[in-house]
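Undergrad: Take this structure, written in structure tokens, and hold onto it; I'll ask about it next.
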Amino acid sequence: MTTMPVDLRAEAAAEVRRLTSARAFARDSDEGAVAELEGNGPWITRARRPVLRRFLGRRLMLIWREVYEDACGGRAESRLIPVVIDLSAAPGPGNDGSRAFQASVGAPRAAEWLTTLLLEIDSEVRARIDADGREWQETVERVVRSFTSARILRERGIAAWSARTDRTAFQPGLFDRRAERAQRIRAAANAESDRITADRLATAERLAAVTRRPAQLLLVLAP
């Protein structure tokens with residue numbers, strides 16, 4: 001047997017840096033906030049920081065999320081997509097739609113105008129997200145196929161090895177039933193092992209089927 005050493009120290013260090021950076025932005029209340037966001041629809045708010053308001057100018061920023069789910073309902077992969085909408089030419093509640101919106105954001109008229117605008121651009125934005133995300137989508141599907149294929153082959157190999165193992169041969173005693181009781185215990189353990197192996201294989205096969213969900217609008221940031 002030939003053993004090939006694999007050095008994954010660089011990959012492990014890169015993953016540590018990624019996780020450290022991601023956790024620096026995490027808060028204990030994040031999961032609850034995301035659940036509320038997913039249930040109630042996108043949040044619409046106004047930029048409060050002067051730097052952010054200057055960056056936006058007469059533009060509207062939308063944050064979308066695209067998700068791949070497996071057949072078990074788990075999230076296999078996701079990404080955030082920022083979309084910037086120029087309000088300069090958008091008709092609004094006044095002679096200059098963007099300025100009127102900036103002055104009256106939060107008012108019923110401005111909110112109604114913004115809702116109408118989001119509905120009008122929805123299909124166009126989704127089409128652009130799909131077109132721009134094809135490379136990412138292909139990468140996700142390729143990686144998932146590669147990972148799940150390796151796992152399925154492994155689980156099938158375990159099941160095949162288990163099926164080839166002789167589990168029935170034993171020598172019962174004439175008066176001593178200990179060997180028979182031990183055999184029943186082994187048979188029960190083998191049956192449980194087979195069930196666990198079959199469950200793992202079924203789970204691996206379900207995880208191989210991923211579905212891309214329609215992009216979801218999470219946040220609308222107004223100037």
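The values are calculated or read from the model by the stated rules, or taken from the named source; none is laboratory data. Everything quoted here is computed from the prediction, not taken from an experiment. For neighbour counting, all protein chains shown are included, and Cβ atoms are generated from backbone atoms with ideal geometry for every residue, glycine included.
Undergrad: Inside the range 148-180, can you point out the residues that are basic (Lys, Arg) and at pLDDT below 75?
TA: Arg164, Arg167, Arg177, Arg178
Undergrad: For the range 128-147, what are the residues that are surrounded by 12 or more Cβ atoms within 10 Å (Cβ to Cβ) and among the small types (Gly, Ala, Ser)?
TA: Gly133 - this is the single residue of the range 128-147 that is surrounded by 12 or more Cβ atoms within 10 Å (Cβ to Cβ) and among the small types (Gly, Ala, Ser).
Undergrad: Also, quick follow-up: Are any of the residues in the range 28-40 farther than 22 Å from Ile81 by Cα, modelled with pLDDT under 80, part of a loop (DSSP other than H, G, I, E, B) and not aromatic (Phe, Trp, Tyr)?
TA: yes
Undergrad: Which residue is modelled with the highest pLDDT, if the candidates are limited to the range 55-104 and must be buried (at least 16 other Cβ atoms within 10 Å of the Cβ), in contact with a Pro (Cβ under 8 Å, 6 or more places away or on another chain) and part of a loop (DSSP other than H, G, I, E, B)?
TA: Checking each candidate, the answer is Arg58.
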